[in-house]
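> Let me begin by handing over the structure; questions about it come next.
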Amino acid sequence: APGLDAEEASCAELDAAAARQWLGLSVGVLVLAGLMATILVIGRVPPLDRLFADPLLFRRGLVVHVDLALVAWFYCFLAGMWFMLPARGRGRRLAHHSVEVAIVGIVAMVLGAGVQGAAPVLSNYIPVIDHPVFLVGLGLLFAGVSLAFLDLRLLPSNEDLRGNVVPDAARPALRAAAVAFLLAMVTIVAAWVTTPDALQTQTYYEFLFWGGGHILQVASELGMLAAWMVLLSSVTGRSPVSRRTASILCGLLVLPMLAGPVLALQGTATGTYRHGFTLLMRWAIWPAVTVFFGLCVVHLVQAHRERRLPELGLRDPRLLGFYISAGLTILGFCLGAMIRGSNTIIPAHYHAAIGAVTAAFMAVSWVLLEPLGIRLKTAAQRRWAGYQPVLFGVGQMVFAAGFGWAGSHGMARKTYGQEQQIHSVGETLGLAVMGIGGLVAVAGGVLFLVLMVKAWRHSRRSFETTQPGSAS
């Protein structure tokens, strides 16, 4: 690369390779999550259901599906964005090999679903299979992501200002996301130390992941904010906020989380632990994210007035991805404010929240992959890539709204099939709307995976044809 010496160029190549590997792994785990869901559905169809003698297999498969789709996907993608953050200096060899640790962990997690008799535990934030194979795999996944973040680029002083893939103002958000993830890991370790072994299995894992799971949500939100800045900057040519403003807002999100390890060390069985993290979730996220959203809206209005938008204007696919992610974020905040008791408004809230992060990552993936040589081949595929976040996001909005409507009429959470006791038309209507939205969101997710596979295959073929000795 122009302006780089041999050592810096070598580091830049390693960073690009690590980014491709982590982003590729994030797509791969989504494919695995879809396959797990497909197996679960097929396994219920007679006569194939007779092949599955273990009655707990479906719940174990559900655990792996959820952890792949909502844990591995988020933080593998975030690690991919992390390696696109320009840095300089030595000492990054361990970080560049971190993806290999995560891959071994994901394989072990998938194998854990097949361990006959192992107990699935549907704990909040991070469901688990209570067996060493799965637990070691989960630990290796977290260790791999942690090794990626424990890198010299964590220090602003080590930043290479010549990079332009990640906007200047987005860099504090990525660093804050890395810090939040590492804080979550420290909190989980502290909770492991202070959680009594004598607790029932469900209660044990609930206490273990309650605090760290809250902080992981902050890491996801920060990753989403970084994705918003990449999207808007690529459209308007300017960052929606200054680096100073971004640093302040991201700092306001991370600083309260410093209390996480302290709360965990007080003892996870105490009211201080559970109530403290509940307060952090209730008050520490939405103010800063709402201010950030408002600044992004002001930025777009100014760009429209100054005619700095591209030919498609406000209909640009990158802007559509931002609209969908922001809309789901606001919906999630509104549903969170409506929570009263244990009903389906709670899962409606977090499905909107995780949908916002997913939509942002889906939309920004094409912006990030282009400089890495991974792109769609045809104009038709690129058009579908623009529609895809809208399809997923609208489906997720309808899903969350239906779930929330059912909860407002008394629908209890964590009930399935015949366990659901539907007593009103409102509950029935809400669940029906939820189902329709869920199918649309699944269609959007499948479209994303299809397009990603096509882009990766096309890029691989293009790479092969440019190698020495290839046919011209």
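Quick note: the coordinates plus some simple rules give every number you see, no bench work behind them. Remember, it's a predicted structure, so these values are computed and weren't measured experimentally. Note: ideal-geometry Cβ built from the backbone for every residue, glycine included; neighbour counts use all protein chains shown.
> From the helices alone, meaning DSSP H stretches of at least four residues, give me the mean residue ellipticity at 222 nm for the chain, per-run term -39500 (n - 2.57), in deg cm²/dmol to the nearest 500. Please report the intermediate quantities before stating the final value.
On the way: 16 runs with 325 residues, N = 472.
It lands at -24000 deg cm²/dmol.
> Mind checking the angle between helix 201-236 and the chain's longest principal axis? C-alpha axes, 0 to 90 degrees, to the nearest 10.
Helix 201-236 and the main axis of the chain meet at about 30 degrees.
> Where does the Debye-calculated log10 I(q)/I(0) of the stretch 242-297 sit at q = 0.13, 0.20, 0.26, 0.28 Å⁻¹, using only Cα point scatterers of equal weight, no solvent?
-0.41, -0.73, -0.97, -1.06
> Per the Kirkwood treatment, what hydrodynamic radius in Å, one decimal, follows for the stretch 269-346 from the mean inverse distance over all distinct Cα pairs?
Over the stretch 269-346, the inverse of the mean reciprocal pair distance is 15.2 Å.
> Still on this structure, please answer the following. Provide the net charge surrounding GLY321, with neighbours chosen by a C-beta distance below 15 Å and charges set as Lys +1, Arg +1, Asp -1, Glu -1. Spell out each step's value before the answer.
Details: positive: ARG315, ARG318, ARG382, ARG383; negative: ASP316, GLU370.
With Lys, Arg at +1 and Asp, Glu at -1, the neighbours total +2.
> Which listed residue (LEU183, MET229, ALA143) has the Cα farthest towards the positive end of the charge dipole for the chain, taking +1 on Lys and Arg C-beta and -1 on Asp and Glu C-beta about the Cα centre?
MET229
> If I fit a long axis through the Cα atoms of helix 317-337 and take the longest principal axis of the Cα atoms of the chain, what angle between them do I get, 0 to 90°, rounded to 10?
30
> Using Cα atoms only, what is the angle between the long axis of helix 6-42 and the major principal axis of the chain, expressed in degrees (0 to 90) to the nearest 10?
Roughly 30 degrees, rounded to the nearest 10.
> Let me ask something additional. Return the inverse of the average 1/r over all pairs of distinct C-alpha atoms in the stretch 164-247, which is the Kirkwood hydrodynamic radius, in Å to one decimal.
14.3
> While we're looking at this one, here's another question. Give the value in nm², to one decimal: projected area of the alpha carbon convex hull of the chain, averaged over all directions.
24.8
> Follow-up question, since we're still on this one. About its Cα centre, what dipole magnitude does the chain give when the only charges are +1 on Lys and Arg Cβ and -1 on Asp and Glu Cβ, stated in debye to the nearest 20?
Using only the charged Cβ atoms, the result is roughly 920 debye.
> Still on this model: May I ask which residue of LEU331, VAL301, LEU368 lies farthest towards the positive end of the charge dipole of the chain, with charges of +1 (Lys, Arg) and -1 (Asp, Glu) on Cβ and the Cα centre as origin?
Farthest towards the positive end: VAL301.
> Further, regarding this structure: Contour minus end-to-end for LEU295 and THR278, with contour as 0.36 nm per residue of separation and end-to-end as the Cα-Cα distance?
3.4 nm
> In terms of the ratio Rg/(2.2 N^0.38 Å) built on C-alpha atoms, what value belongs to the stretch 305-356?
Working: Rg = 15.3 Å, N = 52, 2.2 N^0.38 = 9.9 Å.
Normalised by 2.2 N^0.38 Å, the Cα Rg of the stretch 305-356 equals 1.55.
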